[in-house]
1. Among the numbered criteria (1) in the same structural domain as A:Met212 (by TED's automatic domain parsing); (2) assigned to a loop (DSSP other than H, G, I, E, B); (3) hydroxyl-bearing (Ser, Thr, Tyr); (4) surrounded by fewer than 18 Cβ atoms within 10 Å (Cβ to Cβ), which single criterion is violated by A:Ser268?
2. Among the residues of region A:320-345, which ones are assigned to a helix (DSSP H, G or I) and either over 17 Å from the mean Cα position of the chain (by Cα) or at pLDDT below 95 (or both)?
3. Quick one: which residue in A:Gly230, A:Gly226, A:Gly195 is modelled with pLDDT of 95 or more and at positive phi?
4. Looking at B:Lys40, B:Lys31, B:Lys35 in this structure, which one is over 18 Å from A:Ile143 (Cβ atoms) and either at the interface with chain A (Cβ under 7 Å from one of its Cβ atoms) or not in a helix (DSSP H, G or I) (or both)?
5. Going through region A:237-265 one residue at a time, which ones are away from every other protein chain (no Cβ under 14 Å), within 21 Å of A:Val200 (Cα to Cα) and assigned to a helix (DSSP H, G or I)?
6. For the structure I just gave you, tell me whether B:Thr69 is away from every other protein chain (no Cβ under 12 Å) and either closer than 24 Å to B:Pro122 by Cβ or small (Gly, Ala, Ser) (or both).
7. Kindly list the number of the only condition in (1) in contact (Cβ under 8 Å) with a residue 60 or more places away in the chain; (2) surrounded by fewer than 18 Cβ atoms within 10 Å (Cβ to Cβ); (3) within 25 Å of A:Thr417 (Cα to Cα) that fails for A:Lys246.
8. Taking into account only those residues within region A:87-102 that are among the hydrophobic types (A, V, I, L, M, F, W, C) and under 27 Å from the mean Cα position of the chain (by Cα), which is surrounded by the most Cβ atoms within 10 Å (Cβ to Cβ)?
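The values are calculated or read from the model by the stated rules, or taken from the named source; none is laboratory data. For clarity, every value in this text was computed on a predicted model and none was experimentally measured. Don't worry about glycine lacking a Cβ; one is built from the backbone with ideal geometry, like all the others, and counts go over all protein chains shown.
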Amino acid sequence: MGKTLFDKLWEKHVISGPAGQPQLIYVDLHLVHEVTSPQAFEGLRINHRQVRRPDKTFATMDHNVPTKDIFNIQDQISRKQIETLQQNCQEFGIRLADMGNADQGIVHVIGPQLGLTQPGQVVVCGDSHTATHGAFGSIAFGIGTSEVEHVLATQTIWQLKPKTMGIHLHGQLQPGVAAKDIIMALIAQNGVDFGTGYAVEFFGDTLQQLSMENRMTICNMAIEGGAKMGMMRPDQITFDYLRGRKYAPQNMAKAIEYWQQFYTDDVSDYDRVIDFDVSQLAPYVSWGTNPAMAVPVTGKLPEITDMNIQRAYNYMDLSPASKATEIPIQWIFIGSCTNGRLADIKEAAKVLKGKKIAPNVTAWIVPGSRAVKNAAEKLGLDKIFKDAGCEWRDPGCSACLAMNPDKVPAGIHCASTTNRNFEGRQGKDARTHLASPAMVAAAAIYGHFIDIRQKEAI
Amino acid sequence: MDAITIHQGTTIPLMNNNIDTDQIIPKQFLKNILKIGYGKHLFHDWRYLDDGTPNPDFILNAPERQQATILISGDNFGCGSSREHAAWALKDWGFKIIIAGSYSDIFFMNCTKNGLLPIILPQAARQHLAKLAPDQVITVDLPQQKVSCPDQTYFFKIDATWKNKFIQGIDDIDLTLQHAQEINDFEQNIPTFN
């Protein structure tokens, strides 16, 4: 009996505790943002505790940050939360990518971009999309605020070892079909809780066609299938991505030698395996109020079989058997920790180049970090978006969860490159349709989804 | 953390599957830097009408349910965002116990940190409990791992470590700091690549 990637990573991090019970696990990287940390720092102060390893902790603000006029925070409670993070970082000696700093951005975009995220690590953050970092061959998962406090104080966390699931991705993606479609299809076919209790590893030849940015999109949404950890074996694509980044190892040769021990010995070592052929995959769009309520763009919306589906139709104001391409789109959002990286912005720009968005559509493009924004502008992508009629904004979480002023109005159908289509997620009574960056960009042009594989027709 | 051993209380059924933490506590209430005061915003978008008045059709607003301490729900309760504010809001409203078909892993962990006991029971049991009268008291016995109503008793499973934590109301950080030497030793052996 061999071991999985996950088993090997886990073993390297167990400090104490017998197998089968919660074990004390060491944390290599703790990412912190303004929303889920204030009560944790307050807990430290009340108990006269310090941050054990400020050098393994990195903070930024992303959820509340305005994407227009970023230094002018109108909401006083938001402002207080951001100022609280600034004060806490100063008091406890934590590195902070502050408002307007060149390194600032969505926490799951900047960790990899700065080379903080590395193979072989345990990465935690008070945010469920921490699974993103697993794309580098690390155990990465979201935690609550009590756990944030615990990690700050001890650099460790108690966890019950989950079971392992291998998802075998094989075959060649058709042109126009994206990493986003793979993870959306997996969730649509297996449900929003198929990964609960599991650490999921994606493996197979399809990964060789995917950049680190594409891989992060897949791991990012593992949580939408219930798996709080999604991961991939580190390989040459991983190492090449990391080389030369700000906080990447100085001695890459030594690091790579260490990282190469992390892989799954044999498929039979997983507790469960899902086989997924991507070669026939069509682009996916969500129609309902959770990420499993999604269909191929070529398909029709499902029949009503239970109260949960009925409820979703009521909220979305859609009806069964209508075509996915008939959903009216009045708003689009491109950004987030799922699809706000340079590769995603480029995909959207490719579709919008030389085009105009439909007159009744509002389009927001929000880069995932300041570095992404700067790199995109260097390539002239901002001009493509502006010429098409889109708003090109400053980085942040923005309308993915609509905690800052960026909200989709009630009743509006928004095609979005984000990760959650829950009721009210993008604004009260807003109707979210998840899709890939190219699909969302095309929806802006037409005012409805099209099958991007036929984009020559555009 | 409040300890839980034997609890008696009345129930509120909210039987949808996949109730996510965005519904439990919407994002506009996550801006606070305190741990208290979230109860009034629990299930906000379902609980209040557009003009801000309570929605009379939502069960949390039913006058005869105001003393309830046990929430009965569907599968995959607490999915989505990791926000611990969801557990704080449920606790602040007055819930001590949740009985669902399953939980998201992150939400479950947040419950263990806040003395909010997440019990798993099969659908038939939950459907029975959901039909109880608003004033019907049920008993949750954590040491015995059972839920009792007048005509039924249901046994549930829970990991021994979490069970113990709930019964004793232990502070995790104090417990971990007993392992300080092991953490120090571990840190000596972390590889460096510089």
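1. Of (1) in the same structural domain as A:Met212 (by TED's automatic domain parsing); (2) assigned to a loop (DSSP other than H, G, I, E, B); (3) hydroxyl-bearing (Ser, Thr, Tyr); (4) surrounded by fewer than 18 Cβ atoms within 10 Å (Cβ to Cβ), only one is false for A:Ser268: (2).
2. The initial filter retains those residues of region A:320-345 that are assigned to a helix (DSSP H, G or I), namely A:324-326, A:336-339, A:342-345.
Within region A:320-345, A:Ala324, A:Thr325, A:Glu326 meet the criteria.
3. Numbers: A:Gly230 fails: at positive phi; A:Gly195 fails: at positive phi.
After applying the criteria, what remains is A:Gly226.
4. Numbers: B:Lys40 fails: either at the interface with chain A (Cβ under 7 Å from one of its Cβ atoms) or not in a helix (DSSP H, G or I) (or both); B:Lys35 fails: over 18 Å from A:Ile143 (Cβ atoms).
Being over 18 Å from A:Ile143 (Cβ atoms) and either at the interface with chain A (Cβ under 7 Å from one of its Cβ atoms) or not in a helix (DSSP H, G or I) (or both) holds for just one of B:Lys40, B:Lys31, B:Lys35, which is B:Lys31.
5. A:Ile237, A:Thr238
6. On the way: away from every other protein chain (no Cβ under 12 Å): yes; either closer than 24 Å to B:Pro122 by Cβ or small (Gly, Ala, Ser) (or both): yes.
It is true that B:Thr69 is away from every other protein chain (no Cβ under 12 Å) and either closer than 24 Å to B:Pro122 by Cβ or small (Gly, Ala, Ser) (or both).
7. (3)
8. From region A:87-102, those among the hydrophobic types (A, V, I, L, M, F, W, C) are A:89, A:92, A:94, A:96-97, A:99, A:102; that's our starting set.
Then keep just the ones that are under 27 Å from the mean Cα position of the chain (by Cα); that gives A:89, A:94, A:96-97, A:99, A:102.
Details: A:Cys89: 24, A:Ile94: 22, A:Leu96: 19, A:Ala97: 21, A:Met99: 18, A:Ala102: 10.
Here the residue is A:Cys89.
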